[in-house]
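Asker: This is the structure, below, for whatever I ask next.
The values are calculated or read from the model by the stated rules, or taken from the named source; none is laboratory data. Since the model is a prediction, treat every value here as computed from it, not as a measurement. Cβ sites come from the backbone with ideal geometry, for glycine too, and all protein chains shown count toward neighbours. These accessible areas exclude ligands, DNA and RNA; they are computed on the full protein's heavy atoms, side chains included. Shrake-Rupley method; radii C 1.70, N 1.55, O 1.52, S 1.80 Å.
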Amino acid sequence: MKAHVVLAAWALGAAVAHPGNWSDANGSAAGASCPEAVDIAVAADDAVLPVLRALLASIELHSPRSFVHVVTTSAALEHCHGVLAGSPVPARCVEWTEDAAAAARSQVKVVSGANTPACAGLEGCDGARAQRLANVLNFARFHLAELLPQLDRVIWMDCDVIVRGPLHGVAAAASRHPGALLSAFSEPQRFGRFYLDEGAVTRLMETGFPGLRLDTEAESFNDGVISINLQRWREVDATKTFAWLMSQHHAAEPGLWKYGTQPAMMLLGVAYGWERLEGQWYHGDLGFRSAHKDDLGGAIFLHFDGEKKPWKEGGLNKELWRPYAEHADAPGRAGARDACECGRAGQGAAAVLVRARK
């Protein structure tokens, strides 16, 4: 199978995937005939679908050789089709069935970490943040190997990201590390900052992976924009390892780590290898603190991680996000779906429904 790269953008997160159909109207993998094509998978429920329009606009303007797969709930499916009908970006809706969502939800445990040493640092211990991150849609990044069986590699983006440049170069850079499970943007904050009992996590990982040495003082990485080597994921059965980590997290009181997906993804990266992407391509923390346009440099990804999202009242960095939201509202945009001249057979303007079944 020809290696193909997908960019996965996730609003609030995504759901656990079970093997299902994933093909275009002609039954072929999206973009397989276009070497520079980049597929983007996005997950959004009813609350986040309107926000998704800004991300779609940024893709339209800066990375038009892209195809967007929007993972959504059964309840939000009609809304999803409406959003895609108003966008010139080639896209389709992917429905997650209720039984699949229930299976995902049974794995989820998110705690704030209140009253522990993990409260130090930028993220703090915010109960409202923990509640938001417990949305089941946040966890599909751990199940993309099953959800996208035709693909060898995927780049995941959270939906609070704006794209400011072509994506095929990022995808190519991520593909240069065939032995690593992940390629990600490093953060200067220490690795151990999320873990409620760093000693217990260290013992767990070093016992579960003989020869591994977990350094909680090392740098961390953000999993809001991350390339996942799905071929290696399947080889090492990282889905099973994730389930084991979540079972240990459930068994611990109050848990092994605070918040959502990042602490578990970092442990998988340590266990199976991760490589650094060019730091200049990513600028994050834009939902935590203000930034100036001059500070952004050559950032391809702007990540509004944090609770002060630019679309919220009192949000930060609205001037960076608003132009894309306004472009999404501009009249006469729908129908201009000419994203990839080198051939996406059968995709055209129609949004294709793909249902993932248990």
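Asker: Please list 3J(HN,Hα) in residue order for the stretch 200-213, calculated via the Karplus relation 6.51 cos²θ - 1.76 cosθ + 1.60 where θ = phi - 60°; whole Hz, with x for glycine and proline.
Answerer: Here the 3J(HN,Hα) series is 5, 5, 4, 5, 4, 5, 6, 7, x, 10, x, x, 7, 10 Hz.
Asker: Convert each backbone phi in the stretch 277-282 into a coupling constant with the Karplus relation 6.51 cos²θ - 1.76 cosθ + 1.60 (shift: θ = phi - 60°), then list the ³J(HN,Hα) values in order as whole Hz, x for Gly and Pro.
Answerer: In residue order, the calculated couplings are 8, 4, x, 5, 7, 10 Hz.
Asker: Over the stretch 123-202, average the accessible area per residue using a 1.4 Å probe and give it in Å², no decimals. Kindly include the intermediate steps, with their values, before the conclusion.
Answerer: Details: 2320 Å² over 80 residues.
Accessible surface, normalised per residue, equals 29 Å².
Asker: Quick one: what are the phi-derived ³J(HN,Hα) couplings along the stretch 70-76, Karplus 6.51/-1.76/1.60 with θ = phi - 60°, whole Hz, x for glycine and proline?
Answerer: Result, ordered by residue: 9, 7, 8, 7, 4, 5, 9 Hz.
Asker: For GLU78 and ALA243, what is the calculated FRET efficiency with R₀ set at 35 Å and r taken between the beta-carbons, to the nearest 0.05?
Answerer: Values: r = 32 Å, r/R0 = 0.93.
For GLU78 and ALA243, the calculated efficiency is 0.60.
Asker: From the mean inverse distance of alpha carbon pairs (Kirkwood) and the Cα radius of gyration, derive Rg over Rh for the stretch 232-336. Let's see the in-between values first.
Answerer: On the way: Rg = 18.9 Å, Rh = 17.2 Å.
My calculation of the ratio gives 1.10.
Asker: Between HIS62 and ARG203, take the C-beta separation as r, use R0 = 30 Å, and let me know the FRET efficiency to the nearest 0.05. Don't jump to the answer; show the numbers that get you there.
Answerer: Working: r = 45 Å, r/R0 = 1.50.
Efficiency for this residue pair is about 0.10.
Asker: Which cross-chain or sequence-distant (5 or more) residues have an amide H under 5 Å from the amide H of GLY315, H modelled 1.01 Å from N in plane?
Answerer: It is none; the list stays empty.
Asker: Once R0 is set to 35 Å, what does the formula 1/(1 + (r/R0)^6) return for the Cβ-Cβ distance between ARG105 and ARG322, expressed as a FRET efficiency to the nearest 0.05? Let's see the in-between values first.
Answerer: Working: r = 34 Å, r/R0 = 0.98.
Once rounded, the FRET efficiency stands at 0.55.
Asker: Which aspartates and glutamates have a Cα less than 18 Å from the Cα of LYS309, not counting those fewer than 8 places away in the same chain?
Answerer: The reachable aspartates and glutamates, counting only those whose Cα sits under 18 Å from LYS309, are ASP45, ASP46, GLU123, ASP126, ASP158, ASP160, ASP223, ASP285, GLU319, GLU326.
Asker: Another question, then. Semi-axes of the stretch 68-152's equivalent ellipsoid from the Cα gyration tensor, sqrt of 5 times each eigenvalue, largest first, rounded to whole Å? Before the final figure, lay out each step's value.
Answerer: Details: eigenvalues 184, 52, 37 Å².
Square roots of five times the eigenvalues give 30, 16, 14 Å.
Asker: Rounded to whole Å, give me the distance from the Cα center of the stretch 315-332 to that of the stretch 164-206.
Answerer: 30 Å
Asker: How high is the relative contact order of the stretch 119-277, given as a whole-number percent (alpha carbon pairs under 8 Å, six or more residues apart)?
Answerer: 36 percent.
Asker: Ok, one more. Using just the Cα positions, wrap the stretch 169-209 in a convex hull and report its mean projected area in square nanometres, one decimal place.
Answerer: Working: hull surface 16.7 nm².
Directional mean of the projected Cα hull area for the stretch 169-209 stands at 4.2 nm².
Asker: Hull surface divided by four, with the convex hull built on the Cα atoms of the stretch 63-214: how many nm²?
Answerer: Values: hull surface 48.0 nm².
Seen from a random direction, the Cα hull of the stretch 63-214 projects 12.0 nm² on average.
Asker: Next question. For LYS308, what accessible surface area do you get with a 1.4 Å probe? Give it in Å², rounded to 10.
Answerer: Accessible surface of LYS308 is approximately 110 Å².
Asker: From the convex hull of the Cα coordinates of the stretch 54-106, what is the mean projected area in square nanometres?
Answerer: Working: hull surface 16.2 nm².
Its average projected convex-hull area is 4.1 nm².
Asker: Could you give me the percent of Cα pairs per 5 Å distance bin for the stretch 173-277, shortest bin first, beginning at zero and ending with the bin that holds the maximum distance?
Answerer: The calculated distribution, bin by bin, is 2, 12, 24, 26, 21, 11, 3, 0, 0.
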